[in-house]
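One structure is given below, encoded as structure tokens.
The values are calculated or read from the model by the stated rules, or taken from the named source; none is laboratory data. As the structure is a prediction and not an experimental result, all values here were calculated from the model. Neighbour counts are summed over all protein chains in view; Cβ atoms, including those assigned to glycine, are modelled from backbone coordinates with ideal geometry. What goes into the accessible areas is simple: the full protein's heavy atoms, side chains included, and nothing from ligands, DNA or RNA. Shrake-Rupley method; radii C 1.70, N 1.55, O 1.52, S 1.80 Å.
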Amino acid sequence: MKLWLRVTVSVGLLALLVVLVPWAEARDAVRRLPPSLWVLVWLGFIGGHALSVVKWRLFVNAGHAHLGFRDAVQCYSAGLFANLCLPSIVGGDVLRAVLATRFTRRPEAAFLGGVLDRLTDMLGLSLLVGIGGLAAGGALPGWWGQALQVGLLVGMALIGMSLPLILRRPLARWPRKFRRQIGRGLVAVRRLARNPGTAALALGLSLAIQSSFVLLNRGLGEAIGIQVPLAVWFLVWPLAKVASLMPISLGGLAVREATLATLLAPFGVPFAVGIVCSLLWQTVLIAGGLVGGLTWLVLDRTRPVQPTLESNSTTVPGHV
């Protein structure tokens, strides 16, 4: 039922975009993109996820899992590829945690490492939205810019006041079907609090990775004619990514495109051009996921065979 609901949302939004978007204008925008720039963006995407491997492995090994770098690359690549095939990125997170458990025999470290990885990503995106929104207020005409800044400040204040109440709420008071996920999240937060150095390093990596993705999207946008201040990109792209993470569509398909185009529209960007920019990033995601699948396959096929007990044992002459 949930899967079909996500399919319906994605297909419905795509159909709506097909009807509303002036595709002649979109086609002209695509023609303005040099193929070499797309390749550079794709390479930047791969580089960003190489840093993400380091960050995720940092969290997994914080639970004394001793996950090797080669194994971490294989697990992460599998999860990146699975994001193309499964209804949401949660499926990719589960797959990489399962593979990491096979290598380390520490399932709690593997799953909590994935939770911590996502928590720092969400915190990094929230910081980028706050900074970008406060800096982008001047790009909106009239009182819209002031309203944006005031709204962000109020939202940040509300989150700051409600967060301690959420963390102190007993697990038994949460709805039963959410208790497992919330319990894992609370355990992950406590582990993060006990390792401030690891938390600071991971947050720095997350900010660097997400900022690089913002800059890559800005490069795509400017190539097809989107001329807005850099601060606007640090506001709209993280918001569009957060919207795509909501479990209402297939991997955020069509939700990301509609959100990014809608957020760019007040800054004078035509709706069709905003859609094209998001779709171009979607092609980068697909190509990057295929590279992840290929990396997963190659590393799995070239894995050294572990010697077994039988192969290491010797037979003493005269003994059975």
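What the table shows:
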item: Close pairs (8 angstrom Cβ cut-off, 6 or more residues apart or separate chains): among the β-branched types (V, I, T) in the range 215-241, outside any helix (DSSP H, G or I) and open to solvent by 50 Å² or more (accessible area, probe 1.4 Å) anywhere; result: I224/R32; V228/G268
item: Output for the range 195-228, where each listed residue is open to solvent by 60 Å² or more (accessible area, probe 1.4 Å) and at pLDDT 90 or above; result: L201, L215, R218, E222, Q227
item: Some residue of the range 249-256 being open to solvent by less than 50 Å² (accessible area, probe 1.4 Å), touching a Leu at 6+ places or on another chain (Cβ under 8 Å) and at pLDDT 75 or above; result: yes
item: Residues within the range 67-88 that are assigned to a loop (DSSP other than H, G, I, E, B) and either over 17 Å from R106 (Cβ atoms) or modelled with pLDDT under 90 (or both), tallied; result: 3
item: Selection from the range 280-303 of residues that are open to solvent by 60 Å² or more (accessible area, probe 1.4 Å) and of a type in the set (A, V, I, L, M, F, W, C); result: I286, L290, L294, W296, L297, V298
item: Residue among L203, L264, L239 that is more than 29 Å from C75 (Cβ to Cβ) and under 16 Å from the mean Cα position of the chain (by Cα); result: L239
item: Residue match in the range 91-109 (condition: of a type outside the set (D, E, K, R), assigned to a helix (DSSP H, G or I) and within 19 Å of I209 (Cβ to Cβ)); result: yes
item: Condition broken by V94, with the remaining ones in (1) β-branched (V, I, T); (2) more than 22 Å from V187 (Cα to Cα); (3) open to solvent by 40 Å² or more (accessible area, probe 1.4 Å) satisfied; result: (2)
item: Yes/no for W56 being in a helix (DSSP H, G or I), touching a helix residue (DSSP H, G or I) at 6+ places or on another chain (Cβ under 8 Å) and farther than 23 Å from G274 by Cα; result: yes
item: Matching option when the condition is touching a residue at least 60 places away in the same chain (Cβ under 8 Å), surrounded by 13 or more Cβ atoms within 10 Å (Cβ to Cβ) and under 23 Å from A199 (Cβ atoms), among V54, V60; result: V54
